[in-house]
1. Tell me which helices (runs of 4 or more DSSP H) are completely within the stretch B:76-136 and hold 2 or more residues being out of contact with any helix residue (DSSP H, G or I) (no Cβ under 9 Å at 6 or more places or on another chain) and either modelled with pLDDT of 90 or more or within 14 Å of another protein chain (Cβ to nearest Cβ) (or both), or say none if there are none.
2. Check the stretch B:168-181 and report whether any residue there is touching a residue at least 40 places away in the same chain (Cβ under 8 Å) and open to solvent by less than 10 Å² (accessible area, probe 1.4 Å).
3. Just for the stretch A:142-181: of the residues that are without any contact (Cβ under 8 Å) to a residue 12 or more places away in the chain, within 11 Å of chain B (Cβ to nearest Cβ) and not hydroxyl-bearing (Ser, Thr, Tyr), which one is most open to solvent (accessible area, probe 1.4 Å)?
4. May I ask you to verify whether B:Pro84 is more than 19 Å from A:Phe201 (Cα to Cα), out of contact with any Leu (no Cβ under 9 Å at 6 or more places or on another chain) and either free of Cβ contacts under 8 Å to residues at least 60 places away in the same chain or of a type in the set (A, V, I, L, M, F, W, C) (or both)?
5. So which residues in the stretch B:40-61 are open to solvent by 30 Å² or more (accessible area, probe 1.4 Å), within 14 Å of chain A (Cβ to nearest Cβ) and over 27 Å from the mean Cα position of the chain (by Cα), if there are any at all?
6. Name the residues in the stretch A:99-141 that are among the β-branched types (Val, Ile, Thr), outside any strand (DSSP E or B) and in the same structural domain as A:Gly84 (by TED's automatic domain parsing), would you?
7. Could you name every one of the helices (runs of 4 or more DSSP H) located completely within the stretch A:194-307 that has at least 2 residues being in contact (Cβ under 8 Å) with a residue 40 or more places away in the chain and under 12 Å from A:Ile134 (Cα atoms)?
8. Look at A:Gly248 and say whether it is surrounded by fewer than 18 Cβ atoms within 10 Å (Cβ to Cβ) and assigned by TED's automatic domain parsing to the domain that holds A:Thr145.
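The values are calculated or read from the model by the stated rules, or taken from the named source; none is laboratory data. Keep in mind that this is a model prediction, so the values were computed, not measured. Positions of Cβ are backbone-derived with ideal geometry, glycine not excepted, and every protein chain shown enters the neighbour counts. What goes into the accessible areas is simple: the full protein's heavy atoms, side chains included, and nothing from ligands, DNA or RNA. Shrake-Rupley method; radii C 1.70, N 1.55, O 1.52, S 1.80 Å.
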Amino acid sequence: MIFFSRLYARPPQTIIPPMKRLLIFLIFSFLIASCGTSNNSASNSSAQYIENKGSDTIVNLALAWAEQYQSEHPEVRISVTGGGSGTGIAALINNTVGIANASRQIKKEEIAEAQSKGINPVEHIIARDAIAVIVNPKNLVSELTLKQISDIYSGKITNWRGVGGEDRPIVKLSRETNSGTHVYFLETVLRLGDKKDKTLFSMDTLLLPSSEGIISEVRDNPNAIGYDGLGYVPKDLKMIAIAEADGGAYVLPSIATVNDKTYPIARDLYMYTNGEPTGIIKEYLDWILSPAAQEIVAKLGFVPVIK
Amino acid sequence: MEKSLSWREFIITRLIQGAGYSAIVFVGLIFFFLLREGLPALGDVDITSLLSVRWYPIEDYFGILPLITGSLIITLGAALIAVPFGIGAAVYISEIAPRWMREILKPLVELLGGLPSVVLGFLGILVLSPYIRVFLNLPTGLTAFTGSLLLGGIAVPTIVSVAEDALDSVPRAYREGAWALGATKWQTIWRVTLPAAKSGVLTAVMLGIGRAIGETMTVMMVTGNAPVLATKLGSIFSPVRTMTATIAAEMGEVANGSAHYHVLFFIGMMLFLISLAVNIIASSVVFRAKKRAERILS
């Protein structure tokens with residue numbers, strides 16, 4: 001395949017009539033395509049090709065990494081697809097991908113299923129994702145417990161006075177329901193991580209279609225409370241320090257507090273491989289944890305992993 | 001020679017006929033597609049659940065009532081703003097304004113009509129909604145009222161443009177007749193010109209309302225999208241979620257063939273039926289008015 005593509009990359013100097021050139025082009029592209037497919041089918045053993053699939057939260061990050069890595073190592077092809085964490089892990093269990101992306105930890109049942117098929121999933125933390133709760137700088141409130149935020153969003157507290165602020169109505173802002181951040185916030189904050197809890201967002205929560213919408217409303221409106229990925233929060237908005245339980249320490253989100261796990265609304269993002277990675281996959285994962293690759297993490301609004 | 005002429009005649013007639021029928025065919029196909037994708041929603045979701053007041057599709061709450069009331073209240077607000085304003089502007093341009101003024105105003109209004117709605121939405125978020133929040137002392141400026149104002153602004157150019165054409169086509173003799181009888185300018189406009197142009201003005205209003213109810217981008221940006229049932233007129237000052245914004249925001253991520261997918265198409269079907277109803281009412285009013293006029297004339 002490399003031989004053919006090199007030959008094709010340097011067009012022949014002799015003059016060839018257009019029809020013939022088209023024919024040659026067709027033949028060559030056919031050959032290249034057929035080489036490609038034969039490589040694909042052998043991708044698990046081949047050292048040239050990495051199949052990377054899973055979480056939609058990570059998909060943009062994985063794409064950015066893959067692009068950067070391929071431009072530095074042109075001999076490696078990385079294909080990235082989304083579909084959700086479950087899809088990625090299922091593909092790993094069926095041994096159709098080299099690396100599975102997941103925004104949650106692998107479940108016990110999934111590990112059992114994998115082992116029954118001779119797969120041994122190994123976990124790699126590749127980035128972290130933190131959600132900052134933001135308010136207008138004029139708002140006097142700067143500390144909240146997780147329970148208070150849950151009560152605000154579920155509609156039990158409707159005035160800032162209820163959490164030690166001024167006498168103002170609370171305007172709750174959220175992302176649309178199709179956003180992964182929305183679901184994560186629902187599970188971790190509104191339901192406080194309790195799977196049986198059926199608490200929902202209060203009906204009068206404003207569902208804004210973009211992060212930008214939330215940020216511009218919080219910037220303008222002293223009644224508003226919103227949330228967004230830590231990397232997207234501009235400096236002129238006020239982030240709330242959050243305590244996990246009553247009487248606990250209030251922690252502001254930052255790269256340091258996310259990495260030492262004191263900030264409660266943060267999660268690790270994972271990649272899973274079958275067994276300890278070897279060869280090209282190992283090189284790729286090592287590169288992902290390098291400072292250069294972790295810089296991309298910060299650029300995309302996630303929290304870099306500090307070793 | 002004659003034969004080729006009749007051939008040409010035949011082909012051209014058929015082409016024009018085809019173009020005419022194609023409109024019906026397309027509407028029919030669209031409605032068929034909406035029915036095919038939307039009706040299964042009735043099987044997937046209980047009708048009582050569809051008529052409930054909670055819209056939270058990721059946990060299988062599919063109450064579409066808040067979305068319907070949201071769309072209706074915004075459209076009603078937009079109509080209340082756009083109709084008097086639009087007809088007033090049309091009357092001014094067609095009846096009162098001097099010629100030079102008219103030549104400036106008409107293209108300007110048409111330019112306003114070509115403004116992309118996302119631009120209006122952007123202005124709405126950055127300028128209008130903060131101002132409304134402070135001025136009316138509301139918790140947030142992202143309300144149905146903000147949406148109504150902007151939608152009114154979107155509907156006005158359509159209404160002005162069509163209504164002005166209708167007023168313009170009223171024969172000059174009508175006005176001269178009225179003046180000869182000693183009617184003032186206002187009396188002429190109110191009692192003669194406007195009634196004479198009634199069907200065109202009504203078409204203008206319906207087109208404007210149709211534009212408002214189908215508008216998506218602007219309302220998605222400025223109305224806050226909270227699916228709260230609008231039960232009273234005061235709801236216009238709180239956030240609402242419209243049918244169009246719901247479809248736009250959720251269709252991209254929905255799993256093909258799921259209950260949520262079918263319900264979204266069901267909402268599309270409802271929108272289609274609402275605009276169909278508006279059009280039927282409008283044309284029946286026009287039709288009845290014509291009949292009466294014919295009776296009087298005969």
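1. On the way: elements: B:99-113, B:117-123, B:129-136.
Where helices (runs of 4 or more DSSP H) fall fully within the stretch B:76-136 and carry at least 2 residues being out of contact with any helix residue (DSSP H, G or I) (no Cβ under 9 Å at 6 or more places or on another chain) and either modelled with pLDDT of 90 or more or within 14 Å of another protein chain (Cβ to nearest Cβ) (or both), they are B:99-113, B:129-136.
2. Taking every residue of the stretch B:168-181 in turn, none turns out to be touching a residue at least 40 places away in the same chain (Cβ under 8 Å) and open to solvent by less than 10 Å² (accessible area, probe 1.4 Å).
3. Looking at residues that are without any contact (Cβ under 8 Å) to a residue 12 or more places away in the chain, within 11 Å of chain B (Cβ to nearest Cβ) and not hydroxyl-bearing (Ser, Thr, Tyr), I get A:Asn178.
4. Numbers: more than 19 Å from A:Phe201 (Cα to Cα): yes; out of contact with any Leu (no Cβ under 9 Å at 6 or more places or on another chain): yes; either free of Cβ contacts under 8 Å to residues at least 60 places away in the same chain or of a type in the set (A, V, I, L, M, F, W, C) (or both): yes.
Here the answer is yes, as B:Pro84 does meet what is asked.
5. Within the stretch B:40-61, B:Ile58, B:Glu59, B:Asp60, B:Tyr61 meet the criteria.
6. Passing the criteria: A:Ile106, A:Ile111, A:Ile119.
7. Per the criteria, A:211-220.
8. yes
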